[in-house]
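Below: one structure, written as C-alpha cells.
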Amino acid sequence: MRVYVPLTLPGLAEAYKTGELGVGPFLAYAVTPALREWYLSDDIEELEYAALNRAASASLRLLAADAGAPRRRVVVAVDVADGAVSADSGPGVEPAVLGEVRVSGVVALAKAAAVHVDAGDAEGDVAAAAGALAAADGGDGGARGVVDGVEDHELLWFATQEIPGLVGLGG
C-alpha cells in the first residue's frame, strides 16, 4: 500500500541519516475506504493526490510546531505492506482525519518511491500559513484563508536519490 508520510526538511534529514522513516506506529496518509467514500471518485490517481494533499497539510502542522525548520512542506511516498497499516473506517470518521493511517513497524527510507517538497518560492506563503494555523483552528476566517492559500503551491516531485541535495548534504 502506498502511504504518504508528512515530514519537515529536518525530519527528512534525520530519516536520511538513520535510514528509517519511522518506527511505528506513526502517522501517514493513504487511500482509505473513508477517503474514497468522501472523495466520490474511483480514479486512483485522484485519490492518491487527495491523500498526498492531506499529508501536506499534516506537514504544515509539523512546521507550525517547529519554528526552526525551513518553511517547506515535505511528504515522502512509500510503499508498505498492507498489514502494517491501520485506519479508522466506516461512517462516522471525522472529515479532519480522512485518509489518516497509522503505520506499524520500522519503515526503511530505501522503500520510498519519491519525495514531494515545496519549491523555495512557496516559503513565504508556507510560513504565513504555519503562523495562521492556530487562529484558523479557532475559527478565524481570515486565518483559514491564509492556511487554505498554501494549497495553491504544488509540491514538487523528487527522486529519492535527490534527498542529500534537499537536506543540504551535497550529492
Among ARG36, ARG73, the single one that is in contact with a helix residue (DSSP H, G or I) (Cβ under 8 Å, 6 or more places away or on another chain), closer than 14 Å to ASP118 by Cα and basic (Lys, Arg) is ARG73
Scope region 57-70; condition among the small types (Gly, Ala, Ser) and surrounded by 13 or more Cβ atoms within 10 Å (Cβ to Cβ); matching residues:
SER57, ALA58, SER59, ALA64, ALA69
Is it fair to say TYR49 is at pLDDT below 95, surrounded by fewer than 20 Cβ atoms within 10 Å (Cβ to Cβ) and in contact with a Leu (Cβ under 7 Å, 6 or more places away or on another chain)?
no
What residue, of ARG54, ARG36, ARG73, is surrounded by 15 or more Cβ atoms within 10 Å (Cβ to Cβ) and modelled with pLDDT of 95 or more?
ARG73
Starting from residues that are surrounded by fewer than 20 Cβ atoms within 10 Å (Cβ to Cβ) and at pLDDT 90 or above, keep the ones in region 89-111 and report whichever is nearest to VAL146 (Cα to Cα).
ARG102
Can you confirm whether GLY99 is under 15 Å from the mean Cα position of the chain (by Cα) and on the phi > 0 side of the Ramachandran plot?
yes
GLU162: passes all of (1) under 16 Å from the mean Cα position of the chain (by Cα); (2) in a helix (DSSP H, G or I); (3) within 25 Å of ALA15 (Cα to Cα); (4) of a type in the set (D, E, K, R) but (1)
If you go through region 37-54 one residue at a time, do you hit one that is touching a residue at least 40 places away in the same chain (Cβ under 8 Å) and touching a Gly at 6+ places or on another chain (Cβ under 6 Å)?
yes
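The values are calculated or read from the model by the stated rules, or taken from the named source; none is laboratory data. Note that the structure is predicted; figures quoted are calculated from it, not measured. Here the Cβ is made from the backbone with ideal geometry for all residues, glycine too, and neighbour counts use every protein chain on show.
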